[in-house]
Structure formats: C-alpha cells, structure tokens
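Trainee: Dropping the structure in here first, questions after.
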Amino acid sequence: MVARKHIDASRLRARLIHPVGPYAWIDVVPSTGSTNADLRQAVVDGAADRTVLIAEEQTAGVGRRGRTWSSPAGTGVYCSVLLRPAGVPVAGLGSLAVVAGLAVLDLADELGVDAALKWPNDVLAADGAGKCAGILSEAAPSEEQAVILGIGINVDPPRDAVPPAPGGLPPVSLADLGARTTDRTGICLSLLTALHERESAWRRAGGDLAEAGLLELYRSRCSTLGRHVKIMIAGGGTLVGDAVDLDSTGALVIEPQEGGRRTVFAGDVVHLRPVSE
C-alpha cells in the first residue's frame, strides 16, 4: 500500500497567509471531531476573518441537518473557513453555499474532473453517478457577524466502504473521476485560492449573487435545474415537482405537480428524472 502524504501546513501558509495571501491563519491538525465545531469555538475566542482549519481526519464530521460526514484519515480534504463579511446583510449570508460550490467546481475544472452542482450544497460527478464533495455553511453566534463554511472533498477512495448519501448517491473520489493530481496540499491551495476569488466578489457585491456574477454561472452548472425532483423540506414535509429556476438568493424555485410555484430555501433533493422525459 502506497503511503499517503500529509497536508503540508508550511506550504499552505507560505502561499496563502497575509501579507502574501488573503488568509489570516491556516492550521492543519492530524485529527479532530469536527473542523466546523472547532471554528465555532474559535469564533468565541475572537479568531480573525478568514481563519482556516484543515484536518487529516474527522471523527465526528457533520453534514447538513446533523448527518455524519465520513472523513477517513488521509483520503480527503476536510476544511472549514471562518468568514466575517461585515458588509453583507444577514439575509445574504445563506448564499455562501453557492459561492463555495462554485469554488469547488473551479477546483474540479483545474483538475480535469467533470463535475456539476446539486442544489443546495453537493458536488457530483457530471453524470450524476456519485457525490464527490459537500458543503456546510453555518452562522456562528458572535457580536461581529460570523459564518463558518465547511467543505469536505473525497480525494482518494476510502479504504473501507462508506454508506450512500441521502437519495442513494454513492461517494465518489476525485481520483475515481480522473483528477490530474491527488496531492492534497496542492488541492488545498487551489481550493482556498478559488474560494478567496469567489468569496471576495460576493463580499464586494454585498452578498448579491447576480451583481457578483455568480448567479448565472451557478444556474449553468446546477444539475438540479430541469429535473423532476422530490424535496424533503427542512422542518418536515415533502414536495414533488419540477426544478425550474434559482432566485436571487440561490433558493430553488419549484413548479409542484398541483400547479403554481414555490420557493424552497432549504431541503434534501432527490433527482427523479429530467423534466423533458
């Protein structure tokens, strides 16, 4: 078995820490329960805007709605970024998952991986055969506005089987999808660079996706649009219909079977079939 290289924190800091780069601090730890949970505590302790924590392994990684995110040692990138976008209104913070999704697609494009977005926070193989990345955006209690953006990416296949995501999608790795490299330090560099570029445009636009030039791009790369879908809505209930658009905040616009239109801000989506079928 080939030994997997550790993520090189020194290399990341040399390229990405202020004043050379845009980030305040980057730490890489061998193992932790959850990088998002650790940064929630860091918010309380006064950590700066654009503080980054990366783990080689998470023992209690968390996805949306409290689900477990499998994070085996040495096979993925498990990264959380603390953002303090003071100029963005609270109503605009929910669109950060869109920003992060586009940054992951930028990474995939750089690696030669054909990938697509699944609303609201997944990155899939373009053919829909598996999920290679997930995103979790969480507001953190703080006197100064704070959001923790968690990104988990499957880089190499895990040694042990991992259960499918909601909707039956199996996990798939960048290696499985033919990535040009699986060097996790290089992948972290590319991901954090892309995230900075996308998030900076979003922040300059006051959280307005359209003004930042991100809304149409997300629409063009979102495999959920044009699909007949089933949505398990946060708080209970199920909605079945056609996914026809995204609104200005990145929420999903559905035409239900019974007619009319509904806007869904959070929920789990299952792709049933293209609308045209």
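The values are calculated or read from the model by the stated rules, or taken from the named source; none is laboratory data. Everything numeric here is computed off the predicted structure, so don't read it as measured data. Here the Cβ is made from the backbone with ideal geometry for all residues, glycine too, and neighbour counts use every protein chain on show. Surface accessibility is based on the protein's heavy atoms, side chains included, excluding ligands, DNA and RNA. Shrake-Rupley method; radii C 1.70, N 1.55, O 1.52, S 1.80 Å.
Trainee: Residues in region 6-53 that are acidic (Asp, Glu) and under 20 Å from Arg184 (Cα atoms): how many?
Mentor: Summing the residues that are acidic (Asp, Glu) and under 20 Å from Arg184 (Cα atoms) in region 6-53 gives 2.
Trainee: Just wondering, is there one or more residues in region 168-177 that are in contact (Cβ under 8 Å) with a residue 40 or more places away in the chain and under 29 Å from Pro89 (Cβ atoms)?
Mentor: No, region 168-177 contains no residue that is in contact (Cβ under 8 Å) with a residue 40 or more places away in the chain and under 29 Å from Pro89 (Cβ atoms).
Trainee: For region 98-126, which residues satisfy the criterion of being over 20 Å from Gly226 (Cβ atoms) and buried (at least 19 other Cβ atoms within 10 Å of the Cβ)? It would help to see each step written out before you state the result.
Mentor: The first filter runs over region 98-126 and keeps only residues over 20 Å from Gly226 (Cβ atoms), leaving 99-100, 103-104, 106-113.
The answer is Val99, Ala100, Ala103, Val104, Leu107, Ala108, Leu111, Val113.
Trainee: Scan Ala86, Ala48 and give me the residue that is within 27 Å of Ala201 (Cβ to Cβ), modelled with pLDDT under 95 and open to solvent by 20 Å² or more (accessible area, probe 1.4 Å).
Mentor: After applying the criteria, what remains is Ala86.
Trainee: Answer yes or no as to whether Trp69 is open to solvent by 40 Å² or more (accessible area, probe 1.4 Å) and either modelled with pLDDT of 95 or more or not charged (D, E, K, R) (or both).
Mentor: yes
Trainee: Restricting to region 132-149, what's the tally of residues that are open to solvent by 10 Å² or more (accessible area, probe 1.4 Å) and farther than 15 Å from Leu96 by Cβ?
Mentor: Residues that pass the stated criteria total 4.
Trainee: To continue, here is another question. Going by the conditions given, is Ala129 more than 20 Å from Gly250 (Cα to Cα), among the small types (Gly, Ala, Ser) and open to solvent by 10 Å² or more (accessible area, probe 1.4 Å)?
Mentor: yes
Trainee: Quick check: is even one residue across region 202-211 of a type in the set (D, E, K, R) and under 21 Å from Tyr23 (Cβ atoms)?
Mentor: yes
Trainee: Tell me the residue from Leu239, Leu209 that is open to solvent by less than 50 Å² (accessible area, probe 1.4 Å) and either in contact (Cβ under 8 Å) with a residue 60 or more places away in the chain or in contact with a Ser or Thr (Cβ under 9 Å, 6 or more places away or on another chain) (or both), please.
Mentor: Leu209
Trainee: Restrict the check to region 12-31 and report whether at least one residue is farther than 21 Å from Pro120 by Cα, part of a helix (DSSP H, G or I) and at pLDDT below 95.
Mentor: no
Trainee: Looking for something open to solvent by 60 Å² or more (accessible area, probe 1.4 Å) and either assigned to a helix (DSSP H, G or I) or closer than 14 Å to Ala108 by Cβ (or both) - is there at least one such residue anywhere in region 174-188?
Mentor: yes
Trainee: Let me ask something additional. In this structure, does Arg198 turn out to be basic (Lys, Arg) and over 17 Å from the mean Cα position of the chain (by Cα)?
Mentor: Here the answer is no, as Arg198 does not meet what is asked.
Trainee: Tell me yes or no: at least one residue of region 8-25 is touching a residue at least 60 places away in the same chain (Cβ under 8 Å), of a type in the set (Asp, Glu) and crowded, with 16+ Cβ neighbours inside 10 Å.
Mentor: Yes: one or more hits.
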